[in-house]
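Working notes, structure below.
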Amino acid sequence: MKAIGHDEDIRREMSDAEIITTAMIEAMFFGGNHSKACSYMKDHNLIPGMLEKSRFNRRLHKVSMLMNDLFHHMGTALKEISEDTEYLLDSFPVPICDNIRIFNAKLIHSEEYRGYIASKKRYFYGVRVQLLTTKTGIPVEFVFMPASATDIRGLSALPLNLMPGSQVYADSAYLDYTVEDDLIETSQI
């Protein structure tokens, strides 16, 4: 499957599919650790031409938009073939650093990335992910928001391309009767 606007250089040691596969293995089994995943894939001869850590990381960043497109296409396909019309919506924080280390953060520089984790009663610096899953827990839509974004703002940012008559269950942080009424009137959700 070739993504629109995606050309792969055939002279590369690793294909984009191998990069994405290694990234998935890394996320599923190695807690996001590039080095461990790359070593595992090379040691078990699954990808003999494995790149070094820094080259792998650069290639992974180059295919990030392709990975995003693949996720959204898979989510759309899962929603179309699924008989479920019930979905779960929630958010979770992805801290870049704790509050005390904010002055050292080099990736982002804005107050809107300072958020609060109510369950842990602590502040963090990073992003908040809004995730829509099927009732069995399969993710079908997501959006990244600054840490200070409310869940209602995240709900408005999600595309919510769902079948008419679908039901979305969320906690009370998503309670906004105007948004609820709009979803019922426009999309029958």
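The values are calculated or read from the model by the stated rules, or taken from the named source; none is laboratory data. Computed from a prediction, not measured in an experiment: that's the story for all the values here. In this analysis, Cβ positions are derived from the backbone assuming ideal geometry, glycine residues included, and neighbour counts consider all displayed protein chains. Accessible surface is based on the protein model in full, side chains and every heavy atom, while ligands, DNA and RNA are left aside. Shrake-Rupley method; radii C 1.70, N 1.55, O 1.52, S 1.80 Å.
Below are the figures for this structure:
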{"quantity": "Which numbered condition Ala37 fails, given (1) within 21 Å of the chain's Cα centre (by Cα); (2) modelled with pLDDT of 85 or more; (3) outside any helix (DSSP H, G or I)", "calculated": "(3)"}
{"quantity": "Test set (1) open to solvent by less than 80 Å² (accessible area, probe 1.4 Å); (2) free of Cβ contacts under 8 Å to residues at least 60 places away in the same chain; (3) over 30 Å from Ser15 (Cβ atoms) - His109 fails condition number", "calculated": "(1)"}
{"quantity": "Count - residues of the stretch 114-127 that are at pLDDT 85 or above, open to solvent by 30 Å² or more (accessible area, probe 1.4 Å), within 22 Å of Leu158 (Cβ to Cβ) and not aliphatic (A, V, I, L, M)", "calculated": "1"}
{"quantity": "Test: Arg59 is assigned to a helix (DSSP H, G or I), free of Cβ contacts under 8 Å to residues at least 24 places away in the same chain and not small (Gly, Ala, Ser)", "calculated": "no"}
{"quantity": "Given (1) modelled with pLDDT of 90 or more; (2) under 24 Å from Asp69 (Cβ atoms), index of the condition Leu107 fails", "calculated": "(1)"}
{"quantity": "Met14 being buried (at least 18 other Cβ atoms within 10 Å of the Cβ), modelled with pLDDT under 90 and of a type in the set (A, V, I, L, M, F, W, C)", "calculated": "yes"}
{"quantity": "Given (1) at pLDDT below 85; (2) exposed (fewer than 11 other Cβ atoms within 10 Å of the Cβ); (3) farther than 30 Å from Ser148 by Cβ, number of the condition Ala3 does not satisfy", "calculated": "(2)"}
{"quantity": "Hits in the stretch 160-189 (condition: surrounded by fewer than 11 Cβ atoms within 10 Å (Cβ to Cβ) and on the phi < 0 side of the Ramachandran plot)", "calculated": "Pro164, Ser172, Tyr177, Thr178, Asp181, Ile184, Glu185, Thr186"}
{"quantity": "When residues of the stretch 115-137 are limited to those that are in contact (Cβ under 8 Å) with a residue 24 or more places away in the chain and in a loop (DSSP other than H, G, I, E, B), the one nearest to Asn68 (Cα to Cα)", "calculated": "Gly137"}
{"quantity": "Every residue from the stretch 138-172 that is in a helix (DSSP H, G or I), of a type in the set (A, V, I, L, M, F, W, C) and in contact (Cβ under 8 Å) with a residue 40 or more places away in the chain", "calculated": "Leu155"}
{"quantity": "Residues located in the stretch 118-157, provided they are in contact with a Phe, Trp or Tyr (Cβ under 8 Å, 6 or more places away or on another chain), of a type in the set (A, V, I, L, M, F, W, C) and under 22 Å from Leu183 (Cβ atoms)", "calculated": "Val129, Leu131, Leu132, Val140, Phe142, Ile152, Leu155"}
{"quantity": "Residue tally, condition farther than 15 Å from Asp171 by Cα and under 16 Å from the mean Cα position of the chain (by Cα), over the stretch 130-148", "calculated": "12"}
{"quantity": "Output for the stretch 59-95, where each listed residue is surrounded by 13 or more Cβ atoms within 10 Å (Cβ to Cβ) and either touching a Leu at 6+ places or on another chain (Cβ under 6 Å) or polar (S, T, N, Q) (or both)", "calculated": "Thr76, Ser82, Thr85, Tyr87, Leu89, Ser91"}
